[in-house]
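The values are calculated or read from the model by the stated rules, or taken from the named source; none is laboratory data. In this text the structure is predicted, and so the values were computed from the model without any measurement. Neighbour counts are summed over all protein chains in view; Cβ atoms, including those assigned to glycine, are modelled from backbone coordinates with ideal geometry.
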C-alpha cells in the first residue's frame with residue numbers, strides 16, 4: 001500500500017433527466033483497460049447515478065490488490081450523479097489485479113469489478129496492439145474498395161464472429177467507426193439537428209434513414225459478443241459532418257450519445273464514447289484565414305467541454321475519445337492544453353507518414369505525451385495497419401512495418417489499429433472480407449504475438 005500513489009478528484013453533477021432501470025446506476029471504468037505496462041498509471045473512474053425519486057445516501061469503497069484505496073460518503077438528490085477519479089501508480093503490482101467498487105445504500109448493495117493485467121516492462125508500451133476500429137461499412141467506397149461490397153452482406157452472427165476473431169489477436173478494445181453515415185464536411189453543408197439526412201447503422205428512433213446492410217443491429221451483436229469475452233467497445237457517436245464541432249454538431253451529438261446510452265448502456269462492454277468527426281493535428285481544420293482558424297480551434301474546445309459535461313450526466317464514469325492526425329501539432333500546443341482538459345483519450349494517427357515540412361513522428365508523440373500528462377489525459381496510438389494502392393484503395397501493411405512502429409513509438413499506453421475488418425481476415429471464416437493478403441496479416445500478427453510469449 002505504501003508504494004501506491006493515489007490522486008482523487010471529486011465531481012458531482014445534477015441530471016437533466018434520470019436513466020431508466022433500478023434505483024441507482026453504479027459504474028467502474030479503468031483507463032487503460034486490460035493488459036498494461038507497469039510504467040503506466042491506472043486511472044480508476046467511479047460513477048453513481050441516483051435514478052430514484054428521493055435523496056439517496058451512499059457509501060462507496062474502492063479496492064485494489066486486496067487493499068482499501070478509498071472510502072466515500074455521498075448524498076445525491078434525485079436525478080443527480082457523482083464521479084470520482086483515482087490515479088494509481090502500481091509499479092509494485094504485477095500480474096492480474098482485481099479492482100472493486102462496492103457501493104451501499106440503506107436498502108441496496110452494488111458491486112462493480114474490473115481486472116487488469118500488469119506486465120513488467122522497461123517502457124510504457126507493451127509492444128502489442130490492444131484494439132482496433134471496426135467500420136460497419138468503410139466511409140469511403142474508394143478506400144474500402146476491396147471489402148465494402150462484402151461487409152454490407154454480413155449478418156449479425158457474422159459480426160459476432162468478427163468480434164471473436166479480434167479477441168483471438170488480443171484486440172479487445174473495439175472502436176465502432178461511426179453509427180451514422182453522412183458524407184459532409186464542416187463549412188460546406190447545411191445540415192441541422194432537424195433536417196439531418198444521414199443514415200444509421202442501428203435502429204435509431206431519432207432519424208428514419210437506414211444504411212442498406214444485411215445485419216439488423218450490428219452494434220448489438222458486437223456489444224453482446226464482447227460482453228461474453230470481457231472485451232470493451234466504444235460506439236462511434238457520429239457522423240454529423242467531418243471535422244465539424246459547431247454548436248449544431250454538438251446538439252446532434254448529445255442526442256445520439258443519449259440514445260446510444262439508453263439503448264445499449266446496459267452492456268458491460270460499453271466502455272465509452274468515441275466522437276467520429278476526427279480532426280487535423282493543428283485543430284483548426286486547415287482554414288486559410290487566422291480568424292477562421294481561431295474559430296475552428298475555439299469550436300473544438302467548446303464542443304468537448306460541453307459534450308463531456310453532458311455525458312457525465314448519465315454516464316459519469318465513461319471516457320470520451322477523439323482521433324486526430326499527427327500533422328501540425330507543434331503549432332497548436334496552446335489549443336491542446338485547453339482541449340485536453342475535457343478529453344479523456346486522445347488517439348492520434350499518421351505517425352508513419354509525416355509531411356516533410358513537419359516534425360518526425362517520434363517528436364510529435366513526445367510532445368503529445370507531455371501535453372496529455374500535463375492535463376491528466378490519456379494518449380493512445382491509432383496505428384495505421386494499411387497502405388494505399390495507386391487507386392487510393394487500402395491494402396494490408398506488412399508485418400515488419402507494423403512491428404517497426406510498435407518498437408519506435410514506445411510511449412503509448414495503448415495501441416489501437418485502423419482497422420480490423422477488411423485489413424485482417426481470420427482464415428477460419430466461411431465468408432470473404434477483403435483481399436487474400438488480409439489472411440496473411442492475421443497469421444503474421446498471430447506469429448508475432450507467439451514470439452513475444454516465448
query = Can you name the number of the only condition in (1) at pLDDT 95 or above; (2) under 22 Å from residue 315 (Cβ atoms) that residue 71 fails?
reply = (2)
inquiry  = What's the number of the only condition in (1) surrounded by fewer than 23 Cβ atoms within 10 Å (Cβ to Cβ); (2) touching a residue at least 40 places away in the same chain (Cβ under 8 Å); (3) in contact with a helix residue (DSSP H, G or I) (Cβ under 8 Å, 6 or more places away or on another chain) that residue 242 fails to meet?
reply    = (3)
message = I'd like the full set of residues that are out of contact with any helix residue (DSSP H, G or I) (no Cβ under 9 Å at 6 or more places or on another chain) and more than 16 Å from residue 408 (Cβ to Cβ), limited to region 346-358.
response = 347, 355, 356, 357
message = Anything in region 170-205 that is surrounded by fewer than 19 Cβ atoms within 10 Å (Cβ to Cβ) and in contact with a helix residue (DSSP H, G or I) (Cβ under 6 Å, 6 or more places away or on another chain)? List them, or say none.
response = 192, 193
query = Taking the condition under 30 Å from residue 381 (Cβ atoms) and either touching a strand residue (DSSP E or B) at 6+ places or on another chain (Cβ under 8 Å) or in contact (Cβ under 8 Å) with a residue 24 or more places away in the chain (or both), does residue 41 pass?
reply = yes
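Of the residues 89, 56, 97, which single one is closer than 29 Å to residue 275 by Cα and buried (at least 16 other Cβ atoms within 10 Å of the Cβ)? Walk me through how you get there before you give the answer.
Working: 56 fails: closer than 29 Å to residue 275 by Cα; 97 fails: closer than 29 Å to residue 275 by Cα.
Among 89, 56, 97, only 89 is closer than 29 Å to residue 275 by Cα and buried (at least 16 other Cβ atoms within 10 Å of the Cβ).
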remark   = Heads up, the strands (runs of 3 or more DSSP E) in region 65-131 (entirely inside) with at least 3 residues that are within 24 Å of the chain's Cα centre (by Cα) are 80-89, 95-104, 109-119
inquiry  = Testing residue 133 on (1) surrounded by fewer than 22 Cβ atoms within 10 Å (Cβ to Cβ); (2) over 19 Å from residue 432 (Cβ atoms), one condition comes back false. Which one is that?
reply    = (1)
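Inside region 132-246, counting only helices (runs of 4 or more DSSP H) that do not spill past its ends, which hold 1 or more residues that are under 22 Å from the mean Cα position of the chain (by Cα) and closer than 24 Å to residue 31 by Cα? Working first, answer last.
Values: elements: 148-151, 156-168, 218-229.
By residue number, 156-168, 218-229.
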ask   = Any chance region 285-306 includes a residue that's within 30 Å of residue 226 (Cα to Cα), modelled with pLDDT of 95 or more and surrounded by 19 or more Cβ atoms within 10 Å (Cβ to Cβ)?
value = yes
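Table: residues versus (1) surrounded by 21 or more Cβ atoms within 10 Å (Cβ to Cβ); (2) without any contact (Cβ under 8 Å) to a residue 60 or more places away in the chain; (3) in contact with a helix residue (DSSP H, G or I) (Cβ under 8 Å, 6 or more places away or on another chain).
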{"position": "360", "(1), (2), (3)": "no, yes, no"}
{"position": "376", "(1), (2), (3)": "no, no, no"}
{"position": "380", "(1), (2), (3)": "yes, no, no"}
{"position": "399", "(1), (2), (3)": "no, yes, yes"}
{"position": "408", "(1), (2), (3)": "no, yes, yes"}
{"position": "421", "(1), (2), (3)": "yes, no, yes"}
key: Condition met for residue 434 (at positive phi, surrounded by 16 or more Cβ atoms within 10 Å (Cβ to Cβ) and more than 23 Å from the chain's Cα centre (by Cα))   = yes
ask   = In region 121-143, which residues are in contact with a helix residue (DSSP H, G or I) (Cβ under 9 Å, 6 or more places away or on another chain) and under 20 Å from residue 235 (Cα atoms)?
value = 129, 131, 132, 134, 135, 136, 137, 138, 140
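Among the residues that make up region 211-223, is at least one of them within 16 Å of residue 237 (Cα to Cα) and exposed (fewer than 14 other Cβ atoms within 10 Å of the Cβ)? If you could, list the steps in order and put the result at the bottom.
Just the residues of region 211-223 that are within 16 Å of residue 237 (Cα to Cα), to begin with: 211, 217-220, 222-223.
Among the residues that remain, those that are also exposed (fewer than 14 other Cβ atoms within 10 Å of the Cβ) are: none.
No, that holds for no residue.
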